[in-house]
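Here is the structure we will look at.
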Amino acid sequence: MNRKIVSFVSCWLAVLLLPLPGAHADEFRTPSISAMRVEWRAVLDQLRQEIATRPAIATSFTFAGQRRVPATDPRAMPALVQLNAVTSPLFPGIAQSPIPVLLPFDPASYLDARQGGTADGLPVARYQADFRAADAFHAGASGYDAVFSLDPGTGDGMPPRTFAKPVEVQISGSILVYDLADRLGGKGEPVKTLAAQFPDLRRFIREGYVRYAFTRFGIPYVVSIQCLDSAPRPKRLACREAYPVAERFLKALRVAGGQPSRPRSDTASDISERPITQSADFTYRPSGDIIAGSGGRRQQGGHADFVVYSQIRFPLAKAPAFAHSQSFPKRGRVDEYPWQDNFCEARSFEVGQCASGFGHQGQDIRPGACPADGKDGCDPRQQAVVAVRDSIVIRSAQQQAVTLQVNTRTEHVRFRYMHMNPSVMDADGLLNGRRLSEGEKIGVVSNYLDHPNGTSRHLHFDVQVFTRDGWLWVNPYTTLVSAYERLIRGRGREIGPEPGPAAAVAHALPDDVVRRIDTQEGGGN
């Protein structure tokens, strides 16, 4: 190879490997989070308009607040206090939301019927555009999340569909928005039939969901339905069949509650704390260093992400534990250090953070083998999985995954666990709305994937954060390294990256450099 090209390549690689200014190569970062400002006067204006459609109950609401009280004092907005009192029996804790709670629920019609003595005799779906009672509702200090379902054949004017199960619709709104370097962010198309109600609404399919993102009262909201961009099937919801369900949901949205809180400040990324004492044996390869050749669509590299998205407890009860690929295993590597990232490993799942657009969504983790002497009573089939934070469960019966959500003044983040047996989770009550404490046992490491023994015995763990595009998967690897260091009370040592083929190096270079190298080397053969 020409010496000038070798020199240029060496310089380019040196630039790629430089740490951030003022940071060491092995330092981790906290996430950057933007805080929104709520336009509460606009909320009251909309609520007044919605209540006015039912004159019989309009006089029951007080919109003139007391003067000389802080905006966060409930007396400043008595109409919201009254509304929360009405809706809290149906949506417990709704007043905890620091943003306006938009739901497919018509408080004015509900109050009118209750005043007339007919509300108790009708199902709540009557006031929810035929969506049945909420499968999940959780309001916290950062916003709220809810799940509603529309049964097959319900809903006046709905087109017939092939999908034979209820369609689940999720809605989330948040005062906190995670700032990601997102090459796909902000895209989408308008929906003409909803343009008057939602001027900035955009529809797009991303990471296995059709999503409708919009801003109202200064706050981002996202309505989403899990679907496939394919032909309709009885057991798989096609996105084209999801569109009318989502749009019915959006048209029915009304202000259902919420209460002002103290303003928030943006949170800048900073250096994440780590143990000072060095671990005697824990080693790990850097984030983004996946097994050579394991990336999706011929992409050799992973997604390097050195952000610790939350200070979590490690999801397995005991050390040692080993983060390695379960689909591209290497002999002798399953139960050994160093750890290795597999977030962007080849899968059919859409992952916007991966260069190929597809990936694994999370990280595979295996517990260590039971000691040979057997003195600690270790059972290889009963190695405990625990809650990583104080959290709320999001999971319907029979679902294979369980999601734990954290919603505090400083965080709005989700953690998903997979491969535990769903029948066991159902029996243990690991279902929507259950509150968990950090470190609480929620199951054991298992091998369930569509059926028992469907995969190797391991835990799949992933992380999602709220953005203007809704909940997006981010690389959990650094978050797990940080959590493991706290578990073992020792700082790991980064080694590597693992040597890869020449193609992996070429992938990191500008296209014009690759073409020049190929010319010198006879076309890269």
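The values are calculated or read from the model by the stated rules, or taken from the named source; none is laboratory data. This structure is a prediction, so every number in the text was calculated from the model and none was measured. Cβ: placed from backbone, ideal geometry, glycine included. Neighbour counts: every protein chain shown.
So which of Asp179, Asp200 is among the acidic types (Asp, Glu), modelled with pLDDT of 95 or more and within 26 Å of Gln46 (Cα to Cα)?
Details: Asp179 fails: within 26 Å of Gln46 (Cα to Cα).
Going through Asp179, Asp200 in turn, just one is among the acidic types (Asp, Glu), modelled with pLDDT of 95 or more and within 26 Å of Gln46 (Cα to Cα): Asp200.
Taking the range 27-46 as the search range and keeping residues that are of a type in the set (D, E, K, R) and touching a strand residue (DSSP E or B) at 6+ places or on another chain (Cβ under 9 Å), which one is nearest to Asp266 (Cα to Cα)?
Residue satisfying both the conditions and the ranking: Arg37.
Of all residues in the range 441-456, count the ones that are surrounded by 14 or more Cβ atoms within 10 Å (Cβ to Cβ) and assigned to a loop (DSSP other than H, G, I, E, B).
Here the count works out to 6.
Residues of the range 462-498 being under 16 Å from Arg206 (Cβ atoms) and among the small types (Gly, Ala, Ser), which ones?
Matches in the range 462-498: Gly470 only.
Suppose the filter is more than 15 Å from the chain's Cα centre (by Cα), closer than 22 Å to Gln464 by Cα, part of a loop (DSSP other than H, G, I, E, B) and assigned by TED's automatic domain parsing to the domain that holds Ser142; does Leu180 pass it?
The answer is no for Leu180.
So which residues in the range 385-417 are assigned to a strand (DSSP E or B) and either under 25 Å from Ala319 (Cβ atoms) or assigned by TED's automatic domain parsing to the domain that holds His138 (or both), if there are any at all?
Once the filter is applied, which keeps residues that are assigned to a strand (DSSP E or B) and either under 25 Å from Ala319 (Cβ atoms) or assigned by TED's automatic domain parsing to the domain that holds His138 (or both), the range 385-417 yields Val385, Val386, Ser391, Val402, Thr403, Leu404, Val406, Val413, Arg414, Phe415, Arg416, Tyr417.
Give me a count of the residues in the range 340-384 that are in a loop (DSSP other than H, G, I, E, B) and either closer than 21 Å to Ala323 by Cβ or of a type outside the set (D, E, K, R) (or both).
30
With a cut-off of at least 2 residues that are polar (S, T, N, Q), name the strands (runs of 3 or more DSSP E) lying wholly within the range 198-306.
Values: elements: 202-206, 209-216, 219-226, 254-257, 278-284.
In the range 198-306, the matching strands (runs of 3 or more DSSP E) lie at 219-226, 278-284.
Taking the condition surrounded by 14 or more Cβ atoms within 10 Å (Cβ to Cβ) and either of a type in the set (A, V, I, L, M) or outside any strand (DSSP E or B) (or both), does Val424 pass?
no
Just one of Val505, Val424 is at pLDDT 95 or above and of a type in the set (A, V, I, L, M); which is it? Even if it seems obvious, please write down each step before you answer.
Working: Val505 fails: at pLDDT 95 or above.
That would be Val424, the only listed residue that is at pLDDT 95 or above and of a type in the set (A, V, I, L, M).
Mind counting the residues in the range 188-242 that are over 28 Å from Glu50 (Cβ atoms) and in contact (Cβ under 8 Å) with a residue 40 or more places away in the chain?
14
Exactly one of these conditions fails for Asp305: (1) farther than 23 Å from Ser446 by Cβ; (2) touching a Phe, Trp or Tyr at 6+ places or on another chain (Cβ under 6 Å); (3) at pLDDT 95 or above. Give me its number.
(2)
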